[in-house]
1. Among bridges DSSP assigns within the range B:145-307, what percent are antiparallel (round to 5)?
2. GluC sites (Glu not before Pro) within the range A:199-303: which are DSSP loop residues with at most 13 other Cβ atoms inside 10 Å?
3. Considering the protein assembly as shown, what Rg and Dmax in Å follow from its alpha-carbon atoms?
4. Extending each Cα 7 Å along its Cβ direction at B:E188 and B:E101, get the distance between those two points in nm, one decimal.
5. Are there any GluC sites (Glu not before Pro) in the range B:1-105 that are in a DSSP loop and have at most 13 other Cβ atoms within 10 Å? List them by number.
6. Set the Förster distance to 22 Å, then compute FRET efficiency between A:R286 and A:R159 from the Cβ-Cβ distance, nearest 0.05.
7. What lysines could a cross-link reach from B:K334, if we take a straight Cα to Cα line under 17 Å and drop same-chain neighbours fewer than 8 places away?
8. As a test, work out the antiparallel percent of DSSP beta bridges whose residues both lie in the protein assembly as shown, rounded to the nearest 5.
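Since every read-out is calculated from the coordinates, none of them should be taken as a lab result. The structure displayed is predicted, hence computed values, not measured ones. Note that we place each Cβ from the backbone using ideal geometry, even for glycine, and neighbour counts take in every protein chain shown.
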There are 2 protein chains.
Amino acid sequence: MPHPSSSAHPPLRVAVLGCGVVGTEVVRRLVTEADELAARVGAPLELVGVAVRDVDAERDPVVDRALLTGDADALVDKADVVVELIGGTEPARTLLLRAIEHGASVVTANKALLAQDGPTLYAAADAAGVDLYFEAAVAGAIPIVRPVRESLAGDTVRRVLGIVNGTTNYVLDRMATDGLDLDAAVAEAQALGYAEADPTADVEGYDAAAKAAILASLAFHTRVSIDDVDRTGITGVTADDVAWAARTGHVVKLLAIAERGADGDGVLVRVHPALVPSEHPLAGVRGAFNAVFVEAEAAGELMFYGRGAGGAPTSSAVLGDLVQVARHRVLGGKGPVESSHADLRVLDPGDARTRCQLRLEVADRPGVLARVATELAAQDVSIEAVRQTPPTDPATPGADRVATLVITTHTATERALRATVEAVTGLDVVHRVVSVLPVL
Amino acid sequence: MPHPSSSAHPPLRVAVLGCGVVGTEVVRRLVTEADELAARVGAPLELVGVAVRDVDAERDPVVDRALLTGDADALVDKADVVVELIGGTEPARTLLLRAIEHGASVVTANKALLAQDGPTLYAAADAAGVDLYFEAAVAGAIPIVRPVRESLAGDTVRRVLGIVNGTTNYVLDRMATDGLDLDAAVAEAQALGYAEADPTADVEGYDAAAKAAILASLAFHTRVSIDDVDRTGITGVTADDVAWAARTGHVVKLLAIAERGADGDGVLVRVHPALVPSEHPLAGVRGAFNAVFVEAEAAGELMFYGRGAGGAPTSSAVLGDLVQVARHRVLGGKGPVESSHADLRVLDPGDARTRCQLRLEVADRPGVLARVATELAAQDVSIEAVRQTPPTDPATPGADRVATLVITTHTATERALRATVEAVTGLDVVHRVVSVLPVL
């Protein structure tokens with residue numbers, strides 16, 4: 001039953017830009033849940049148009065063809081609230097700025113744009129006195145932007161760490177469960193629609209890096225762009241790495257990590273594959289699910305878990321934002337302004353501190369471990385555990401037999417670990433540094 | 001560094017009512033984080049007083065004695081924002097209404113009051129055009145109120161389910177890990193400060209029921225009071241129940257469950273101990289931690305996890321709210337109004353649907369299982385699994401030997417399950433119904 005006040009306030013005009021999987025779900029809920037949404041907002045939400053590239057393309061019948069338009073500019077100009085679901089930098093950026101300048105509030109799921117040029121948009125929205133909401137840009141349906149932006153506004157966040165890309169999580173899962181190599185797992189993800197035809201944004205970690213930049217900006221009240229993120233994707237992860245991880249009680253996960261530096265006045269933001277101990281809650285995050293840990297001074301450790309992508313889950317986040325900004329139009333007021341008052345500097349990735357697992361192929365000779373250990377000690381990297389496999393016969397007859405040495409270090413700086421790897425690589429007893437993976 | 005605008009806006013006067021564990025932590029952060037909070041709000045937060053019952057009691061030195069007052073009324077009258085941390089119904093209720101009538105925004109952690117009389121407070125805040133925020137009232141530091149109230153505002157929540165009382169969770173944990181009986185585990189929790197001298201509110205499930213009522217009201221846009229909650233505490237849970245749970249691959253947890261009825265137009269809200277399968281994420285929630293699952297139509301399954309109580313975690317939630325309502329005073333506008341537009345009726349607890357584990361002591365005679373199974377079938381309750389232990393000799397010589405029969409049912413209504421238990425109890429071959437526990 002509509003709320004009494006819904007008849008008192010004129011309808012709010014809503015424009016949707018883009019009509020892909022998420023756009024279609026948003027339109028569906030605007031149509032099918034119209035009464036409920038009107039009750040929650042205090043006014044009806046009138047869908048005034050859906051901007052698309054191709055008005056003649058085949059679409060879900062829930063999308064009224066009369067609402068389709070190729071003229072996004074004209075649509076934006078007549079809306080009270082603009083929902084941007086085009087993705088990418090342009091024309092999304094120009095359209096959002098146009099909407100803001102016209103006094104419309106905006107909701108976007110565009111992580112690429114926000115991670116690249118968020119500050120321009122935040123400043124424009126602030127100057128125009130309108131809302132800019134973007135819960136759907138990070139971790140799909142999981143409410144993570146709002147808690148970090150609002151619930152923890154009175155606390156001090158130390159670290160945000162999580163699995164924020166479902167595609168790579170699915171791929172790594174498949175490598176672990178069925179021993180697939182990366183290419184086969186990616187091909188399977190593509191066949192199932194979990195990965196794009198061009199999987200670069202996911203597998204190279206750009207998508208996760210964009211989300212990490214957005215979360216870091218919010219958590220630390222500082223401007224962090226995707227270019228500030230130290231990024232390593234999963235393309236270097238082999239089936240062998242995943243199998244070795246299991247053998248040492250770990251799973252390989254692509255992590256996004258944003259944290260304060262040791263001195264507290266800088267931030268470190270990175271994305272890389274890491275070994276997660278099997279008993280850690282993140283190890284159990286399967287398939288397309290996402291999970292984010294937030295560690296704050298007073299609140300302690302918080303975890304948020306849910307579906308990180310997909311039309312329906314993402315539309316939930318978009319509609320939550322839409323109800324919120326629409327309520328502000330009805331009741332007055334506006335949401336939080338993005339603040340970068342803390343203005344922390346982005347630290348050199350070399351300052352990041354982490355444990356690490358090195359896997360080396362070494363000559364089967366006495367004293368090899370001592371030689372390797374000496375190089376670690378020289379870089380002030382201490383050893384937590386060593387495991388050596390029985391040697392196997394070499395491919396070339398007459399050559400040394402080869403053993404595998406797996407070294408887990410204590411926490412050290414990324415800089416020291418890199419120097420260690422370089423020094424170890426130079427040893428004549430080390431045939432090959434097979435892999436170097438951070439350990440959570 | 002303070003935000004430029006913080007000097008432009010006059011300080012906001014903040015009154016804190018109550019100075020226990022949480023109150024002291026809130027005062028501490030207001031004092032030590034003053035610059036950071038001013039930057040986030042856009043104006044300094046000036047602590048104008050702390051109302052206490054006993055101004056002469058010993059207190060943490062962070063609380064300036066000059067700010068202590070026994071006259072809460074006078075303090076409320078001079079505040080822009082009132083933070084209520086007294087707890088209980090009175091004088092908290094009268095003071096909050098007084099604050100609201102004076103045009104102050106209010107932040108409270110008072111679950112008992114909100115679960116009893118929330119609608120009166122919501123309506124008063126709405127009429128006065130001020131904010132009423134209460135993130136700390138449910139699950140301590142975990143942002144759950146804001147996500148349900150705001151992030152999911154465009155979605156349809158089907159069920160909220162979780163562990164929302166850390167004291168009982170600690171007690172059940174101790175019963176499981178060391179085989180303690182309830183009294184011993186409660187005594188230990190009291191000695192460690194996890195349980196009150198009078199543990200009734202926790203062990204009888206009142207605290208969890210209050211939180212369930214608040215979550216149900218928000219999730220279903222309906223007025224649910226603590227009196228609407230079907231409540232069973234943990235006082236009936238024995239060491240034997242906990243040991244049997246482990247034997248069948250479960251742990252006993254006190255769950256709060258709020259869900260839509262089968263037809264979708266009613267709500268069911270209950271608190272009871274339940275058997276949670278060991279592999280379920282809730283089974284791993286230990287000690288004083290809380291975890292809440294939210295199942296929504298579009299978003300799917302979401303989980304929120306963190307510290308459910310304690311001074312620092314709760315103060316994080318209080319300060320997040322305080323920053324939010326203070327920002328509204330500086331920037332204009334206000335937060336969401338509680339809405340009960342859906343006005344769903346609260347269904348009879350007998351309509352709740354659940355699986356169930358029955359543990360019976362039965363005579364060791366052929367045909368016993370058939371007799372029991374017939375009674376279940378008569379109530380339309382079907383059996384998922386049966387396990388029977390070897391019989392043991394009776395206490396009284398000459399009497400029947402006794403076997404234990406553990407029956408897990410498929411999902412049935414609470415009504416049918418109750419009738420089943422009654423029917424089974426009446427059988428001459430059943431010596432005793434030892435326990436009846438719902439299974440998640």
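1. Looking only at bridges with both residues in the range B:145-307, the antiparallel portion is about 95 percent.
2. Here the GluC sites (Glu not before Pro) that fit, given the DSSP loop and packing criteria, are A:E279.
3. Rg, Dmax (Cα atoms, Å): 29.3, 93.
4. In this crude label model, B:E188 to B:E101 measures out at 5.0 nm.
5. Details: sites: B:E25, B:E33, B:E36, B:E46, B:E58, B:E84, B:E101; in loops: B:E33, B:E58.
Taking the range B:1-105 and a limit of 13 other Cβ atoms within 10 Å, the loop GluC sites (Glu not before Pro) found are B:E58.
6. In this case the efficiency is close to 0.40.
7. A:K334
8. On the way: 108 of 154 bridges.
If I count the DSSP bridges inside the protein assembly as shown, around 70 percent turn out antiparallel.
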